[in-house]
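Trainee: First, the structure itself, so that you have it in front of you.
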Amino acid sequence: MIRALIFDFDGLILDTEIPSFQTWQEIYQAHGRTLDFMTWSACIGGSIELFNPYDHLEEQLGRPVNREALREQYRRRHVALVEAQSILPGVEQYIADARRLGLKIGLASSSSRGWAAGHLERLGLHAHFDCIRCADHVTRTKPDPELYLAVLEALDVRADEAFALEDSPNGVRAAQCAGLFCVAVPNTLTGQLSLDHADLRLASLADMPLEELIGVVQRRLDGKETLMAQSKHAVETPRLHLIPFSLDLMKATLTGDIRRGEIPGVAVPDSWPGPDLAEALPVFIADMEKDTTGFAWNWLIIHKRDRLIIGDTGFMGGPDAEGSAEVGYSIVPEYRNQGYATEAVHGLIDWAFQQQEIKIVTAECLSDNIGSIKVLEKVGMRQLEPEDKMLKWEIRKGK
């Protein structure tokens, strides 16, 4: 049951981001240089550590700048532009409705407490928040989940009892990595960025009443959590969830809907699915539609901490008449060489040998595929006689 609502501040409650970009553009133009939006956007929702405009300007000029003077110039102009902004549509109604419904209200902002709390006071909103956590309270800001974890702790709610409202990719990732369902509500500026990994997207908070949104979020959580918690075919390892790659999820992957909250709180990187899986999906779907069992012998690999699909694994067509099943696996490039393939395959083999119909797990890899060779050796597979450049492997139940 939803008990809390957590807001971002910059760009979600008050549009401070367009004024910030405008101010930096003016500063760069005064120095005869330009600032590209996509370059600058790396820091939206996060901190100057993600993109340092002073460093970037000095690189363009080829000389140092007076950072103290620029900092004061930026502060004065930015504050003047921000103070001319109004509270974004729907925010006040959401806060009033949350209070009426008895929900706790939190704020997680990568800005300083003085900035966020100061503007909330000026706008008459500060008293409505049960908890405010900002950059001053944590060691790492968004996209790290520390801010959201701090808010959850202060509100004394679990991640599945709350959801987050965010406007930026960094914010969405932070919320999801904390285990939260995240609704993206981009402003004019952040609407230009990819927010496909958000669980849900609204053009504005004014577009959907809070009670209706809570219903949508709760149904998503209730209906989809079974993927990881209740499926008899789910596999859990220390760092990973392996959830069955169902027909619905395959179709959602093919259409791209899997990036729109099909698995609550789980993001999908641009590097997934890989080309081999993308090519095979229509065949998998056709086979599944003919199979009355509804089980494809394939799993998605989900990183527990990062709440991210990092690969896929499974048995090619399931076990044959002799109880032999061939395992395959793929990990997205950014998560390779960290032991995830070994962990996933090891977990899947353990699951397989608990099934009556599987007695042998086999694998194949090219003789020059050092990474796969190491994985198969680590999970205890024995190498058989090679065929040309292809190495054959197996492990038997009870061995």
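The values are calculated or read from the model by the stated rules, or taken from the named source; none is laboratory data. Just so it is clear, the structure is predicted and the values come from calculations on it, not from any experiment. Cβ placement follows ideal geometry from the backbone for every residue including glycine, while neighbour counts extend to all protein chains displayed.
Trainee: Could you please tell me which pairs satisfy a Cβ distance under 7 Å, a separation of 6+ or placement on different chains, a first residue in the range 10-37 that is over 30 Å from HIS128 (Cα atoms) and assigned by TED's automatic domain parsing to the domain that holds ALA96, and a second residue that is of a type in the set (A, V, I, L, M) and in a helix (DSSP H, G or I)?
Mentor: GLN22/LEU81; THR23/LEU81; ILE27/LEU70; TYR28/LEU57; HIS31/LEU57; HIS31/LEU61; ARG33/LEU57; ARG33/LEU61
Trainee: Name every residue in the range 153-192 that is among the aliphatic types (A, V, I, L, M) and more than 18 Å from PHE9 (Cα to Cα), in order of residue number. Walk me through how you get there before you give the answer.
Mentor: Of the range 153-192, the ones among the aliphatic types (A, V, I, L, M) are 154-155, 157, 159, 162, 164-165, 172, 174-175, 178, 180, 183-185, 189.
Of everything in the range 153-192, those that are among the aliphatic types (A, V, I, L, M) and more than 18 Å from PHE9 (Cα to Cα) turn out to be VAL157, ALA159.
Trainee: Do you know which of the residues in the range 136-166 that are in contact (Cβ under 8 Å) with a residue 60 or more places away in the chain and acidic (Asp, Glu) is nearest to SER112 (Cα to Cα)?
Mentor: The extreme case among them is GLU166.
Residue by residue, here is whether (1) at negative phi; (2) outside any helix (DSSP H, G or I); (3) out of contact with any strand residue (DSSP E or B) (no Cβ under 6 Å at 6 or more places or on another chain); (4) surrounded by 19 or more Cβ atoms within 10 Å (Cβ to Cβ) holds:
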position	(1), (2), (3), (4)
GLU121	yes, no, yes, no
LYS142	yes, yes, yes, yes
LEU147	yes, no, no, yes
ALA150	yes, no, no, no
ALA154	yes, no, no, no
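Trainee: Restricting to the range 180-193, name every residue that is in contact (Cβ under 8 Å) with a residue 40 or more places away in the chain and either part of a helix (DSSP H, G or I) or within 17 Å of ASP270 (Cα to Cα) (or both).
Mentor: THR190, GLN192, LEU193 - these are the residues of the range 180-193 that are in contact (Cβ under 8 Å) with a residue 40 or more places away in the chain and either part of a helix (DSSP H, G or I) or within 17 Å of ASP270 (Cα to Cα) (or both).
Trainee: Taking the range 159-179 as the search range and keeping residues that are among the small types (Gly, Ala, Ser) and assigned to a loop (DSSP other than H, G, I, E, B), which one is surrounded by the fewest Cβ atoms within 10 Å (Cβ to Cβ)? Break it down into steps so the answer makes sense when it comes.
Mentor: First pass over the range 159-179, keeping only residues among the small types (Gly, Ala, Ser): 159, 162, 164, 168, 171, 174-175, 178-179.
Among the residues that remain, those that are also assigned to a loop (DSSP other than H, G, I, E, B) are: 168, 178-179.
Values: SER168: 28, ALA178: 25, GLY179: 20.
Selected residue: GLY179.
Trainee: Oh, and also: Within the range 198-244, restricting attention to residues that are part of a loop (DSSP other than H, G, I, E, B) and charged (D, E, K, R), which residue is modelled with the lowest pLDDT? Can you show your working first?
Mentor: Within the range 198-244, the subset part of a loop (DSSP other than H, G, I, E, B) is 198-199, 202-204, 208-209, 225, 230-234, 237-239.
Among the residues that remain, those that are also charged (D, E, K, R) are: 199, 225, 232, 239.
On the way: ASP199: 84, GLU225: 53, LYS232: 67, ARG239: 90.
Restricting to residues being part of a loop (DSSP other than H, G, I, E, B) and charged (D, E, K, R), the top hit is GLU225.
Trainee: Also, quick follow-up: Taking ARG173, is it in contact (Cβ under 8 Å) with a residue 40 or more places away in the chain and of a type in the set (Lys, Arg)? Give the derivation first.
Mentor: Details: in contact (Cβ under 8 Å) with a residue 40 or more places away in the chain: yes; of a type in the set (Lys, Arg): yes.
Yes: the conditions hold for ARG173.
Trainee: Any residue in the range 357-364 that is at pLDDT 90 or above, under 33 Å from the mean Cα position of the chain (by Cα) and more than 18 Å from TRP299 (Cβ to Cβ)?
Mentor: So far as the range 357-364 goes, yes, one or more of its residues are at pLDDT 90 or above, under 33 Å from the mean Cα position of the chain (by Cα) and more than 18 Å from TRP299 (Cβ to Cβ).
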